[in-house]
Structure formats: structure tokens, C-alpha cells
Amino acid sequence: MSARTKITKPIGQEPDELELQVAQSILDLENSVADLKAELRGLQFVAAKEVEIGHGKKAIVVFVPVPLVKQFHKVQARLVRELEKKFSDRHVLFVAQRRIMRKPTRRARVTQMRPRSRTLTSVHEKLLEDLVYPTEIVGKRTKVRVDGSKLIKVFLDRKDHTSLEYKLDTFTAAYKKLTGKDVVFEFPVAASQE
């Protein structure tokens, strides 16, 4: 079995070097780790991109088909840990490959309504949830500055504070690269005990 079987690409498109490296490392994990073998067998991904975080650091964003997202979530924590060992000094993020459909215009003959899951807002919301998985988003605030620019503040679950603190810059850079929106990830300050 080759690493190419882990990548789902449209006919005529060839995977690049980074995608082949990610596929090979997932295949190696499947063959070497006994308890991951069953979960990793049917998993495939669509693409992998390298994102600049800043300070010379990079992150790998792996795009997964939407039907396989739940299966990836089952092994994501362990898979990310193992892949970050293989790709040292690079963070690994798994995101669903979702499609945005344009808003129907007057001239377009539309036979069906556009599903809510294909709207720009919905896709960006789901992308935010995918980036921070396995933690949960507990709150969001949109701050509109005087010059009209928007900043989204995302509050993550406090219980994952220690395990995700070092990845917050990665989340911000990846979301900015994928959507063009400014976002800041924070952990809410614990309420003072009275």
C-alpha cells in the first residue's frame, strides 16, 4: 500500500511533496502503531498546506473531506501528537474541506435554495471550530474599531489552558491565512471566588 492511497485528489491533479510526506507519515503510523491501525485505515485527506506563523515558524494545515471529520476527531489528539513529533518545530492542524456557494443573484436561474451549511458565515464558523478541536469555544465577541476593521475575540474552554497555550498564535495565523479575518484566541479569566 502506498502513501498515495491516503490522498483524495480530483482526476488529473497530482499531490505535492508536503502532501506526500504527510500521507507517508500517516501510513507509517498506521503500520507501526497497533491500536491506531483500525482507526487510521479508512482515513484520507484532500490537501495539506504550509502556513507561515511568524518568527520563522510554520504550521501544516491538513484538509479532510467533510464526511470523514468525525472519524478524524476520534484519533485527532493522538494523531496530531505523533505528526508533530515527525514534523518537528511545525504544528499540525486538521480542518474540513468545506465548499462556499455564492449568493444567488437575480440573473442566475436557481433551481434549489442554497443550504445554510454552504454560506460564507457558516463555513467560517465551522472552520473556527475545526481549528481549535478538541477544545470548545465558550464565547465570541466581535470588536469593530473606529476605522471600520473588525477583530473577533474567541474564548476557549479554560480546562484546556495548559495543553493549548502554545498553539494560540498558530490558530490565529492559520485562520487569517484561510479566511482573511483577524481573530484573537483567549482563555477567559476565572471568576474571582467570593
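The values are calculated or read from the model by the stated rules, or taken from the named source; none is laboratory data. Please read these numbers as outputs of a predicted model, since none were measured by experiment. Positions of Cβ are backbone-derived with ideal geometry, glycine not excepted, and every protein chain shown enters the neighbour counts. Please note that ligands, DNA and RNA were not included when accessible areas were found on the heavy atoms of the full protein model with its side chains. Shrake-Rupley method; radii C 1.70, N 1.55, O 1.52, S 1.80 Å.
Could you please give the count of residues in region 1-25 that are modelled with pLDDT under 85, of a type in the set (Val, Ile, Thr) and either within 14 Å of Phe63 (Cα to Cα) or in a helix (DSSP H, G or I) (or both)?
3
What tally of residues in region 85-124 results from selecting those that are aliphatic (A, V, I, L, M) and either loosely packed, with under 12 Cβ neighbours inside 10 Å or part of a loop (DSSP other than H, G, I, E, B) (or both)?
Residues that pass the stated criteria total 5.
May I ask you to list the residues in region 31-71 that are β-branched (Val, Ile, Thr) and within 12 Å of the chain's Cα centre (by Cα)?
Val51, Ile60, Val61, Val62, Val64, Val66, Val69
Name the single residue, out of those in region 132-188 being within 23 Å of Phe94 (Cβ to Cβ), without any contact (Cβ under 8 Å) to a residue 40 or more places away in the chain and hydroxyl-bearing (Ser, Thr, Tyr), that is least open to solvent (accessible area, probe 1.4 Å).
The residue in question is Thr135.
With the condition kept exactly as written, say whether any residue in region 154-164 is at pLDDT 90 or above, closer than 26 Å to Lys58 by Cα and aromatic (Phe, Trp, Tyr).
Yes, region 154-164 contains a residue that is at pLDDT 90 or above, closer than 26 Å to Lys58 by Cα and aromatic (Phe, Trp, Tyr).
Mind checking which residues of region 51-66 are surrounded by fewer than 17 Cβ atoms within 10 Å (Cβ to Cβ) and at pLDDT below 90?
Glu52, Gly54, His55, Gly56, Lys57, Lys58
If I ask for residues that are assigned to a helix (DSSP H, G or I) and within 14 Å of Lys6 (Cβ to Cβ), which ones from region 55-74 would you list?
Leu68, Gln71, Phe72, listed by residue number.
Assuming Thr121 fulfils every condition listed in (1) in contact with a strand residue (DSSP E or B) (Cβ under 9 Å, 6 or more places away or on another chain); (2) among the β-branched types (Val, Ile, Thr); (3) free of Cβ contacts under 8 Å to residues at least 60 places away in the same chain apart from one, which condition is it?
For Thr121, the failing item is (1).
Yes or no, residue by residue, for (1) among the aliphatic types (A, V, I, L, M); (2) under 24 Å from Val123 (Cβ atoms):
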residue	(1), (2)
Val33	yes, no
Leu40	yes, no
Leu93	yes, yes
Arg98	no, yes
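With respect to Glu52, determine if the residue is within 24 Å of Lys177 (Cα to Cα), assigned to a helix (DSSP H, G or I), in contact with a strand residue (DSSP E or B) (Cβ under 7 Å, 6 or more places away or on another chain) and not hydroxyl-bearing (Ser, Thr, Tyr).
No: the conditions fail for Glu52.
At pLDDT below 80 and not in a strand (DSSP E or B), is that true of Asp35?
yes
Can you tell me which condition Lys74 does not meet? The list is (1) closer than 15 Å to Tyr133 by Cβ; (2) buried (at least 16 other Cβ atoms within 10 Å of the Cβ), and all the others hold.
Here Lys74 clears every test but (2).
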